[in-house]
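Visitor: My structure is below; once you've seen it, I'll send some questions.
The values are calculated or read from the model by the stated rules, or taken from the named source; none is laboratory data. All figures in this text were calculated on a predicted structure; none of them were measured in a lab. Counting neighbours? That spans all protein chains shown, and the Cβs are built from the backbone with ideal geometry, glycine included.
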Amino acid sequence: MTKAEFADREKAYWNSATPIGYVFAFGAIIVYQILFADVSEHLREYATLRAIGYRNRFVSGIVLQQAAILAVLGYLPGLAAAWGLYHSAAAATRLPLHLTLGRGVLVLILTLAMCALSGFLALRKVRRLDPAEVF
Amino acid sequence: MAAATDATVVVERLNHHYGKGALRKQILFDVSTTIPAGEIVIVTGPSGSGKTTLLTLVGALRAPQEGTLSVLGHRLDGARRAALEDVRKKIGFIFQQHNLLGALTASQNVQLGLGETEWPRAERRRKAEAMLDAVGLAEHIHKRAEHLSGGQRQRVAIARALVGEPSMVLADEPTASLDKASGREVVDRMQSLARERGTTILLVTHDNRILDVADRILHLEDGKLTTFTDAVIANTQQMMHLLAKNNDRRNLEQYVDGMDEKTFRSTLQELTAQSQRFLEATALASDEAYQSMLEQSLRIFTRRVGELLQVERASLFLVDHARQQLVLRVDDAYADPRFNRAVDDETGFRTRSVLCLPLHDREGKVFAVTQLLNRRDGRPFDDDDTRRYREFAASLSVLLESLVRIGAVASRHTS
């Protein structure tokens, strides 16, 4: 086995055995759960807003804003933790590991997309809301 | 298509159903009414009578199914959802539970009532605080809604409904969760603020204590709109029934004689409880709002009877002593020796024909006389008039008797 062959085998193993997609799917489910619970708890207040004349778009905006806040608030400690992990892993294995700006931005975008997906799923409950029910 | 008049709400032959197929249930039957701008209308009726459904339809929260409905100049039947939402923005809503956003302050909640308008932030805050001041909550502007008392929250809700200066306010049981004093305060605020601004108010309630703020009272019973008079008679009969129940006493003397101490004590307690209930019932009856409602309805009722029977004048007289004469019909007053012309000379009214009926109380004693003067077509009264008038008089006497009794109760209290 040549050095190049070994490198290819290693890359293929890490790509197939640890697909990062699972992490995001799992994350989306958790964010959806959080948003759904929050929406259910405040359903009456959303209905009130709808009843007094706020459009669906406005109320949906509130839920999506919450999703965005969750994404950013989750991303920042995640970034710090990853930073620490890179350093300790690099020190322990003596491998050159770098957290590049591009990777950080990519993960932020993926996180926002994940939360947006969850937000849209949680929205369905709000959009189906009948404002007449607050009476 | 806008309504031709300046009426705020025009409802015509409105029907409404819930459910589908075998579960389909009709809630509103052929409801028609018109509410002019600036009027305060109260809708009463037992729960399940369709009051709230009517309110949600008028509030553009539900799409009408059958019949026509215009609100603030917009036709709502057949309107699209976005159009309904636009109408909703012009209406102030007050809900049964205040429905404030608990995490926001009083001021922020009131600002929500300004909608998605592009007011500058400072202007929104100023308007909200002025409105909170108007409902007497100036010191609580920055308190969170969840830290306010029930009455204060409902007043914040009123401020939220009125801050956008809506043309109409819809309120569903605004006093349901409040005690008597704060309920009174809440409706008084609503009334005075509405009067200042010429706002139309449609208020659904079964709280009899606040009926007096209304210009007009509509009564819904099983989804059908009935007249106020019907409602009063129904209420009155219910009240009389309540009083009659408490009169069901057993022969006390017989009881007390052969009693040991323990039985005597428990009987006494039972009697006290009964008296308590009786006092509560009479307190309800002597309630000022109820009394004025009865008085007002009697006046309206008498006038309506006069209209129905096509006469020039209809009056009611209370009598102290019964003369027990059943019907007095005078075909030509000036030719009748019983008629006193001096009265006519004084009032300038030319009496031609007279129809008088006694009103009997429950014991069959005459306690009032009601009188019709002059058929509009100039002819004397006939048997048909007498029969129809007698039918009216039967319900009239129930009403009047209850009013007289309330008066008696009230004077007994003061003496």
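Visitor: Identify the residue in the range B:175-188 that is under 19 Å from B:L218 (Cα atoms) and at pLDDT below 85 and, among all such residues, is nearest to the other protein chains (Cβ to nearest Cβ).
Guide: Once the filter is applied, the top-ranked residue is B:A176.
Visitor: If you check B:A171 against the conditions, is it at pLDDT 90 or above, under 21 Å from A:R44 (Cα atoms) and either among the basic types (K, R) or touching a Leu at 6+ places or on another chain (Cβ under 6 Å) (or both)?
Guide: yes
Visitor: Of the residues B:Q152, B:Q191, which single one is in a helix (DSSP H, G or I), more than 14 Å from chain A (Cβ to nearest Cβ) and in contact (Cβ under 8 Å) with a residue 60 or more places away in the chain?
Guide: Criteria check complete, one pass: B:Q191.
Visitor: Additional query: Just a yes or no: is a residue in the range B:128-137 within 14 Å of chain A (Cβ to nearest Cβ), touching a Lys or Arg at 6+ places or on another chain (Cβ under 7 Å) and under 21 Å from B:S167 (Cα atoms)?
Guide: no
Visitor: What residue, among those in the range A:30-54 that are under 22 Å from B:E146 (Cβ atoms) and of a type in the set (G, A, S), is nearest to the other protein chains (Cβ to nearest Cβ)?
Guide: Ranking the candidates gives A:A51 first.
Visitor: Go through the range A:28-61 and give me each residue that's aromatic (F, W, Y) and closer than 22 Å to A:Y75 by Cβ.
Guide: The answer is A:Y32, A:F36.
Visitor: Further, regarding this structure: For the range B:55-67, indicate whether the set of residues that are over 30 Å from A:D38 (Cβ atoms), in contact (Cβ under 8 Å) with a residue 24 or more places away in the chain and more than 14 Å from chain A (Cβ to nearest Cβ) is non-empty.
Guide: Yes, the range B:55-67 contains at least one residue that is over 30 Å from A:D38 (Cβ atoms), in contact (Cβ under 8 Å) with a residue 24 or more places away in the chain and more than 14 Å from chain A (Cβ to nearest Cβ).
Visitor: Checking A:R57 against (1) surrounded by 13 or more Cβ atoms within 10 Å (Cβ to Cβ); (2) in a helix (DSSP H, G or I); (3) within 14 Å of another protein chain (Cβ to nearest Cβ), which test does it fail?
Guide: Checking A:R57 against (1) surrounded by 13 or more Cβ atoms within 10 Å (Cβ to Cβ); (2) in a helix (DSSP H, G or I); (3) within 14 Å of another protein chain (Cβ to nearest Cβ), the one that fails is (1).
Visitor: Here's a follow-up. Loosely packed, with under 14 Cβ neighbours inside 10 Å and within 14 Å of chain B (Cβ to nearest Cβ): which single residue out of A:R124, A:R103, A:R128 fits that description?
Guide: Just one listed residue meets the conditions, A:R128.
Visitor: Further, regarding this structure: If I ask for residues that are on the phi > 0 side of the Ramachandran plot and at pLDDT 90 or above, which ones from the range B:15-29 would you list?
Guide: If the condition is that a residue be on the phi > 0 side of the Ramachandran plot and at pLDDT 90 or above, then no residue fits.
Visitor: Residues B:A157, B:A82, B:A103, B:A145: which one is more than 33 Å from the chain's Cα centre (by Cα), within 12 Å of chain A (Cβ to nearest Cβ) and in contact (Cβ under 8 Å) with a residue 40 or more places away in the chain?
Guide: B:A103
Visitor: May I ask you to say which residue of A:L97, A:L110 is touching a helix residue (DSSP H, G or I) at 6+ places or on another chain (Cβ under 7 Å), in contact (Cβ under 8 Å) with a residue 24 or more places away in the chain and more than 13 Å from every other protein chain (Cβ to nearest Cβ)?
Guide: On inspection, the qualifying residue turns out to be A:L110.
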